[in-house]
1. Expressed in whole Å with the largest first, what are the equivalent ellipsoid semi-axes of the chain derived from the C-alpha gyration tensor as the square root of 5 times each eigenvalue?
2. Using a 1.4 angstrom probe, figure out how much accessible area the chain has per residue, in square angstrom, rounded to the nearest whole.
3. If you take the square roots of the eigenvalues of the alpha-carbon gyration tensor of the range 1-40 and sort them as a ≥ b ≥ c, do you get rounded (a/c under 1.5), prolate (a/b over b/c) or oblate?
4. At 1.4 Å probe size, with the rest of the protein present, what percent of the exposed accessible area of the chain is carbon and sulfur atoms?
5. Quick one: if the Förster radius is 25 Å, what FRET efficiency do Leu37 and Ala60 give, using the C-beta to C-beta distance and rounding to 0.05?
6. Using helices alone, I'd like the mean residue ellipticity at 222 nm for the chain: each DSSP H run of four-plus residues gives -39500 (n - 2.57), total over residue count, nearest 500.
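The values are calculated or read from the model by the stated rules, or taken from the named source; none is laboratory data. All values reported here derive from a predicted model rather than from experimental measurement. Heads up, the Cβs are rebuilt from the backbone with ideal geometry, glycines too, and the neighbour counts pull from every protein chain shown. With ligands, DNA and RNA removed, areas are computed over all heavy atoms of the protein, side chains included. Shrake-Rupley method; radii C 1.70, N 1.55, O 1.52, S 1.80 Å.
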Amino acid sequence: MRLLPWTGADGKPCYLSTDDSDSLLSRLADDVEDAQLVSAETVLAGARAVLHDPKAGERAVRFALARAVESLGDVLRIAVSRRGDTR
């Protein structure tokens, strides 16, 4: 069972049961995970810039933190999925 990088309409995890790592859904999940990792790198760079800017206001810091939390959730989901856990 593979934990997919998205949730269902009810917010619960989605799983894929297949032995074919080259199936359409497997490749789509790989592409989404890759995009999430690239996005996380961008978010991290932006959050670092905000934290190093002494003029950054509360709004900028809160926005950067919110995006960082979202990205961290995505990255953790990917790490769990690739480790084979199904939490």
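1. Details: eigenvalues 198, 32, 19 Å².
Semi-axes, largest first: 31, 13, 10 Å.
2. Working: 6310 Å² over 87 residues.
Accessible surface, normalised per residue, equals 73 Å².
3. On the way: a/c = 2.45, a/b = 1.07, b/c = 2.30.
The shape class here is oblate.
4. Numbers: 3630 of 6310 Å².
In the chain, the share of accessible area belonging to carbon and sulfur is 58 percent.
5. Working: r = 24 Å, r/R0 = 0.96.
Step by step, r from the Cβ atoms, then E = 0.55.
6. Working: 2 runs with 55 residues, N = 87.
Taking each H run of at least 4 residues, the total per residue is -22500 deg cm²/dmol.
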